[in-house]
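Student: Take this structure, written in structure tokens, and hold onto it; I'll ask about it next.
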Amino acid sequence: MSDLLEMRGIVKEFPGVRALNGVNFDLRKGEVHALMGENGAGKSTLMKCLFGIYEKDQGEIKIEGKTVNFKNSKDALDNGVAMVHQELNQVMKRSIAENLMMGRVPTKHGLVDHKAMYKFCQDVFDNLGLDFNPKDIMETKSVAERQLIEIAKAVSYNAKILVLDEPTSSLTEKEVEKLFSIMNTLRDRGVGIIYISHKIEEILNITDRVTILRDGTYISTEDTKNLTSEKIISSMVGREMTMQFPERHDFRGDVLLEVKNLTGKYGPTVHDASFTLRKGEILGIAGLVGARRTELVETIFGLREKLSGDIILEGKKIENSNPEAAKKNGFALVTEERRLTGIFPDSDITFNSTIANLSAYETKKVIDKKGMIKDSKTVIDSMKVKTPNQKAKISNLSGGNQQKVIIGRWLLTSPKVLLLDEPTRGIDVGAKYEIYELIIKLAKEGKGVIVISSEMTELMGICNRIIVMSNGRIAGEAENDENLTQEKIMALQAKYV
């Protein structure tokens with residue numbers, strides 16, 4: 001394998017923080033090279049410097065021996081560099097084909113050549129073994145399906161360098177296998193793939209080399225065959241981590257929440273769902289893509305309208321007719337997609353951490369800004385958010401630190417029931433552990449916590465009980481004890497498919 005990409009001495013500064021401090025990285029033709037590090041280590045920033053999203057302050061980038069300095073993402077794409085970002089940025093009301101062909105739509109006689117556009121997209125999907133109709137509207141697809149479409153879009157540019165930033169964060173095991181098959185095909189064609197992920201088992205399985213960053217500084221590059229999970233984690237966090245999950249406890253008390261025969265009103269949704277949640281319980285929800293786990297919690301929270309069914313909190317029937325009503329009734333929801341439904345990217349941390357509790361700062365129609373600043377500092381300190389100050393834009397934080405702000409935001413509302421949809425998606429092992437500890441602490445305080453996760457090991461690592469959903473229905477539930485296996489959960493996942 002020969003050198004395809006060289007990045008030497010890359011420096012990038014933002015107000016109050018040096019995100020990259022002389023970082024080196026190289027990529028060979030026909031290899032999968034992992035880029036790893038905790039949230040805030042500089043992985044995505046380095047790739048954005050390569051892709052022309054950020055302008056580097058110092059350093060040199062060479063592709064096939066030629067110095068390059070892309071001014072924007074189109075410049076990068078035109079020169080054979082494609083990137084699939086961790087946070088999807090798609091036009092939800094438009095078709096899959098329009099999203100995939102954005103900026104390069106074929107025309108005929110001055111009009112869009114829809115036939116050519118659909119054929120091109122269908123050829124791309126057929127080549128990758130993906131079953132999508134190019135005419136479908138993007139918003140009808142799940143997050144996982146949209147992730148695969150975005151990967152197909154990147155591949156469609158025939159790039160010689162492909163950057164995948166947390167590509168499996170919302171994929172099931174079956175879809176991960178499909179992605180790995182695509183990656184192996186591209187590797188055989190000589191494409192160099194930069195793979196950013198916090199999932200160490202994947203890294204050990206699919207990559208050839210691993211480069212680790214820590215706090216914006218280059219730490220090491222090693223052949224994957226010489227690495228273990230322990231070595232990778234130690235290099236990433238700068239210390240030994242002996243446990244992936246905190247010790248599990250059983251704080252369960254009386255029944256806190258009852259959901260009875262809940263059915264959503266519109267579209268592919270949840271059907272006849274019934275379950276209970278106890279005070280101090282961490283309840284996991286497992287299921288494949290299309291299981292409608294997100295639809296379940298969004299219907300409970302009032303984001304989706306229910307057709308029938310009851311929600312009973314502490315023995316009293318309530319109506320979460322909308323999110324504001326749900327919040328007043330003691331519910332909090334951390335959504336699956338940070339960028340789309342979680343953060344206010346152009347606002348600072350103070351605003352983002354206090355927005356859900358805004359009514360608490362209203363005094364005679366005047367906003368108590370001192371109170372907001374005080375509570376925002378509480379969120380930063382308690383959630384261990386890495387930021388130069390409270391005035392920093394939340395979009396300048398790493399994904400993991402953004403997630404901490406969002407969780408802290410909802411804790412300010414003193415909820416009784418927390419609905420956490422993929423709460424550790426795209427978060428490094430150290431930050432994950434901190435969030436697990438927080439979830440356990442909330443359970444100890446008597447709150448009920450519902451956790452949706454695509455990672456079975458995560459559910460089995462922190463939950464007291466696991467509900468399994470299949471095609472909008474609850475297929476079964478199981479106590480998380482020594483008799484529970486991944487095979488039992490997988491069998492229930494396929495019950496109504």
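The values are calculated or read from the model by the stated rules, or taken from the named source; none is laboratory data. Quick caveat: nothing in here was measured; it's all calculated off a predicted structure. Ideal geometry is used to build each Cβ from the backbone, glycine not excepted, and the neighbour counts take in all protein chains shown. Heads up: the accessible areas ignore ligands, DNA and RNA and are worked out on the full protein's heavy atoms, side chains in. Shrake-Rupley method; radii C 1.70, N 1.55, O 1.52, S 1.80 Å.
Student: Give LYS328/LYS391; LYS178/LYS447; LYS279/LYS365 a once-over and call out the pairs whose C-alpha atoms are over 30 Å from each other.
Tutor: Violating the 30 Å Cα-Cα cut-off are LYS178/LYS447; LYS279/LYS365.
Student: Would you work out the charge dipole size for region 124-230 about its Cα centre, treating the Cβ of every Lys and Arg as +1 and the Cβ of every Asp and Glu as -1, and quote it to the nearest 20 debye?
Tutor: Around 340 debye, computed over region 124-230.
Student: Report the GluC sites (Glu not before Pro) located in region 61-150 that are in a DSSP loop and have at most 13 other Cβ atoms inside 10 Å of their Cβ, or state none.
Tutor: When the GluC sites (Glu not before Pro) of region 61-150 are filtered for loop state and at most 13 Cβ neighbours within 10 Å, nothing remains.
Student: Jot down the per residue volume, in cubic angstrom and as a whole number, of the convex hull over the alpha-carbon atoms of the chain.
Tutor: Enclosed volume per residue, from the Cα hull, is 162 Å³.
Student: Where a Cα-Cα gap under 16 Å defines reach, which aspartates and glutamates qualify for LYS62, not counting those fewer than 8 residues away within the same chain?
Tutor: Straight-distance partners of LYS62: ASP3, GLU6, ASP26, ASP75, ASP78.
Student: So, one more: From the helices alone, meaning DSSP H stretches of at least four residues, give me the mean residue ellipticity at 222 nm for the chain, per-run term -39500 (n - 2.57), in deg cm²/dmol to the nearest 500.
Tutor: My calculation for the chain gives -9500 deg cm²/dmol from helical runs alone.
Student: Moving on. What full-extension length gain, to one decimal in nm, is calculated for GLN122 and GLU324 as 0.36 nm per residue of separation minus the Cα-Cα distance?
Tutor: Length gained, GLN122 through GLU324: 68.5 nm.
Student: Continuing with this model, one more query. If I stretch the segment between GLU477 and ASP215 completely, what's the gain in nm (0.36 nm per residue apart, minus their alpha carbon distance), one decimal?
Tutor: 90.2 nm
Student: Please report, in cubic angstrom per residue, the volume enclosed by the convex hull of the alpha-carbon atoms of region 61-208.
Tutor: That works out to 130 Å³ per residue.
Student: Which value, in debye to the nearest 20, gives the size of the charge dipole of region 305-372 about its Cα centre, when Lys and Arg are +1 and Asp and Glu are -1 at the Cβ?
Tutor: Magnitude of the dipole: close to 280 debye.
Student: Given a 1.4 Å probe, how much area per residue of region 284-365 is accessible, in Å²?
Tutor: It amounts to 47 Å² per residue over region 284-365.
Student: What is the list of residues in region 436-466 whose amide nitrogen lies under 20 Å from a point 7 angstrom out from the Cα of GLU247, following Cα to Cβ?
Tutor: 436-446, 460-465
Student: Here's a follow-up. Counting other Cβ atoms within 10 Å, keep those with at most 14, restrict to DSSP loop, and tell me which trypsin sites (Lys or Arg not before Pro) in region 289-385 are left.
Tutor: LYS364, LYS365, LYS384
Student: Of LEU213, VAL385, ALA41, which is farthest towards the positive pole of the chain's charge dipole, taken about the Cα centre with +1 and -1 on the beta-carbons of Lys, Arg and Asp, Glu respectively?
Tutor: VAL385
Student: Just to confirm a number: summing +1 for Lys and Arg and -1 for Asp and Glu over residues other than ALA356 whose beta-carbon lies under 13 angstrom from that of ALA356, what do you get?
Tutor: Summing Lys and Arg as +1 and Asp and Glu as -1 gives +1.
Student: Quick one: what does P(r) look like for region 348-422 with 10 Å bins over all Cα pairs, in whole %?
Tutor: Values per bin, smallest distances first: 20, 53, 24, 3.
Student: Starting from 0.36 nm per residue, how many nanometres of slack lie between MET490 and ARG8 once their C-alpha separation is accounted for?
Tutor: Using 0.36 nm per residue and subtracting the Cα-Cα distance, I get 169.0 nm.
Student: Lys/Arg Cβ at +1, Asp/Glu Cβ at -1, dipole of region 166-254 taken about the Cα centre: which of THR185, THR168, PHE245 is farthest positive-ward?
Tutor: THR185
Student: On to the next question. Suppose we keep just the DSSP beta bridges with both residues in the chain; what percent of those would be antiparallel, to 5?
Tutor: 60 percent
Student: Within the chain, what whole-number % of the accessible surface is contributed by carbon and sulfur, with the 1.4 Å probe and all protein chains included in the calculation?
Tutor: 47 percent
Student: While we're on this one: Can you give the accessible area per residue of region 88-152, in Å², using a 1.4 Å probe?
Tutor: Per residue, region 88-152 has 53 Å² of solvent-accessible surface.
Student: Now for a separate question. Please give, to one decimal in nm, the separation of the simple spin-label points placed at PHE180 and THR341, each 7 Å out from Cα toward the Cβ.
Tutor: According to this spin-label approximation, the distance is 3.0 nm.
Student: Using each residue's phi in region 211-216, evaluate 6.51 cos²θ - 1.76 cosθ + 1.60 at θ = phi - 60° and report the 3J(HN,Hα) Karplus result to the nearest Hz, with x for Gly and Pro.
Tutor: 10, 10, 10, 9, 6, x
Student: Please name whichever of PHE132, GLY315, PHE344 sits farthest to the positive end of the charge dipole of the chain, dipole taken about the Cα centre and charges placed at Cβ: Lys and Arg +1, Asp and Glu -1.
Tutor: Going by the charge dipole, the pick is PHE344.
Student: Here is a follow-up. Run the dipole for region 165-275 about the Cα centre, Lys and Arg Cβ at +1, Asp and Glu Cβ at -1, nothing else charged, and hand back the magnitude in debye, nearest 20.
Tutor: Computed about the Cα centre, the dipole is about 220 debye.
Student: Counting other Cβ atoms within 10 Å of each Cβ, which GluC sites (Glu not before Pro) in region 429-497 have at most 14 and sit in a DSSP loop?
Tutor: Those that pass, being in a loop and sparsely packed, are GLU445, GLU482.
Student: Which entries in the list LYS327/LYS393; LYS43/LYS377; LYS384/LYS432 go over 18 Å, if you measure between the two C-alpha atoms of each?
Tutor: Distance filter (> 18 Å) returns LYS327/LYS393; LYS43/LYS377.
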